[in-house]
Amino acid sequence: MSPPAMAETDEFQKGVKHLSENGVRKLPSKYVLPVSDRPNVHEELPNVAKSSLKLPLIDFAQLQGPNRSRVLQSLASACEDYGFFQVVNHGIPIEAIRSMIDVSSRFFGLPYEERAKYMSSDMTSPVRYGTSLNQTKDSVFCWRDFLKLVCNPLSEVLPRWPSSPVDFREVAATYAEETKRLFLRMTEAIMESLGATTPEDDETLKKFKDGSQLMVVNCFPPCPEPDLTLGMPPHSDYGFLTLLLQDQVQGLQIQHKGKWITVEPLPNSFVVNVGDHLEIFSNGRYKSVLHRVFVNPAKPRLSVASLHSLPFNCKVGPSPKLIDEQNPRRYKDTDFATFLEYVSSCEPKKKNFLESRKLG
Ligand code: OGA
Ligand code: NI
């Protein structure tokens, strides 16, 4: 017989969907954050804004027309001031978006045993189902289950993706291809907005075509005591850009001018954010900003984050164009392998990884 403490631990390894399905009424202490880390969404504190925020809006269709230079300016300001923006008229069919949300919620609706087939502690596995951020390391768990899908090369990883629901692979593969295409065009625009247009930068741009793509489907079930925990703790994203699809339920907050601000969901749009690699590439001009997710007692929330960067073993460093006497190189080169090493060796708290790449 296993001791009770062990049985309790196992219960948490099964994730929060499992807890919520079993009608948990009180938040288990495993999820209770220290007072200073709690979301305080309903309180008036100096570090939490009362109002929600409309992120800078980028009309992607306008980017392809005569207004390109004006849109590039807005893009640059958004990346400098917020590290986040929202994209409309992005050209991804609404049907692809709806189907992705729909098939994801059907995946999380499968019996626990079916989902658990994809559990793995191997960080490099093409498919990984799990809970919290790192369920073997986190001392306090966050209120989130996830399905991570490596998307490159698509034809190789696809047979490893969940075979249930039956349409999962087809829908998720289409969605991955569509977001990849949007990412490539966004990245072209971002490089242009940085004035990074040398032959060397062109080479970098080409490398993105075979770059890394990781999709993370996040599931945040209703939480009995949402004020005591978070769906995701403050973090920045490691890649170049993240394209985030959120459903209609609020949850995402970004840090802006020292306050936590809620990002209003905007139907059929993407929230795009600067990742650590882009902050490094831009030599600090564009900001990889801390964000977090709060949960609520009533509505399940689902989001799909698509993280893009260079191929896994490719180095990312500041673009030579952005280094001069006034702006010395501010970051060491880095690659994905270094990041994996870093997260496996210590808890990825806040912006630690990026800090570890800073010079001086
Ligand atoms: C992420 C993330 C935010 C959200 O997956 O990295 O920040 O709203 N998600 O789910
Ligand atoms: Ni994130």
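The values are calculated or read from the model by the stated rules, or taken from the named source; none is laboratory data. Being a predicted model, the structure only gives us computed values, none of them experimental. All Cβ positions, glycine included, derive from the backbone under ideal geometry; neighbour counts span all protein chains shown. What goes into the accessible areas is simple: the full protein's heavy atoms, side chains included, and nothing from ligands, DNA or RNA. Shrake-Rupley method; radii C 1.70, N 1.55, O 1.52, S 1.80 Å.
In region 202-219, of all residues being open to solvent by less than 30 Å² (accessible area, probe 1.4 Å) and in a helix (DSSP H, G or I), the one that is nearest to ligand 1 (Cβ to nearest atom) corresponds to Phe208.
Apart from one condition, Gln246 fits all of (1) within 11 Å of Leu290 (Cα to Cα); (2) within 12 Å of ligand 1 (Cβ to nearest atom); the exception is (1). Among what's in region 220-272 and is over 20 Å from Pro300 (Cα atoms) and among the polar types (S, T, N, Q), pick the residue that is least open to solvent (accessible area, probe 1.4 Å). Here the answer is Thr242. Taking the numbered list (1) farther than 30 Å from Asp37 by Cβ; (2) exposed (fewer than 15 other Cβ atoms within 10 Å of the Cβ); (3) within 18 Å of the chain's Cα centre (by Cα) in turn, Gly109 passes all entries but (3). Looking across region 143-180, the residues that are over 20 Å from Pro311 (Cα atoms), β-branched (Val, Ile, Thr) and surrounded by 15 or more Cβ atoms within 10 Å (Cβ to Cβ) come down to Val171, Thr174. When Asn283 is tested against the conditions (1) open to solvent by less than 20 Å² (accessible area, probe 1.4 Å); (2) within 16 Å of ligand 2 (Cβ to nearest atom), the lone failure is (2).
Here Phe270 does not fit the description of being in contact (Cβ under 8 Å) with a residue 12 or more places away in the chain, in contact with a Gly (Cβ under 8 Å, 6 or more places away or on another chain) and either of a type outside the set (Val, Ile, Thr) or within 16 Å of ligand 2 (Cβ to nearest atom) (or both).
Only a single criterion out of (1) more than 9 Å from ligand 1 (Cβ to nearest atom); (2) closer than 21 Å to Val88 by Cα; (3) in contact (Cβ under 8 Å) with a residue 40 or more places away in the chain is not satisfied by His277, namely (2).
Candidates are the residues of region 326-360 that are modelled with pLDDT under 80 and open to solvent by 80 Å² or more (accessible area, probe 1.4 Å); the one that is nearest to Val140 (Cα to Cα) is Lys349. Considering region 13-27, and only residues there that are assigned to a loop (DSSP other than H, G, I, E, B) and among the basic types (Lys, Arg), the residue that is surrounded by the most Cβ atoms within 10 Å (Cβ to Cβ) turns out to be Lys14.
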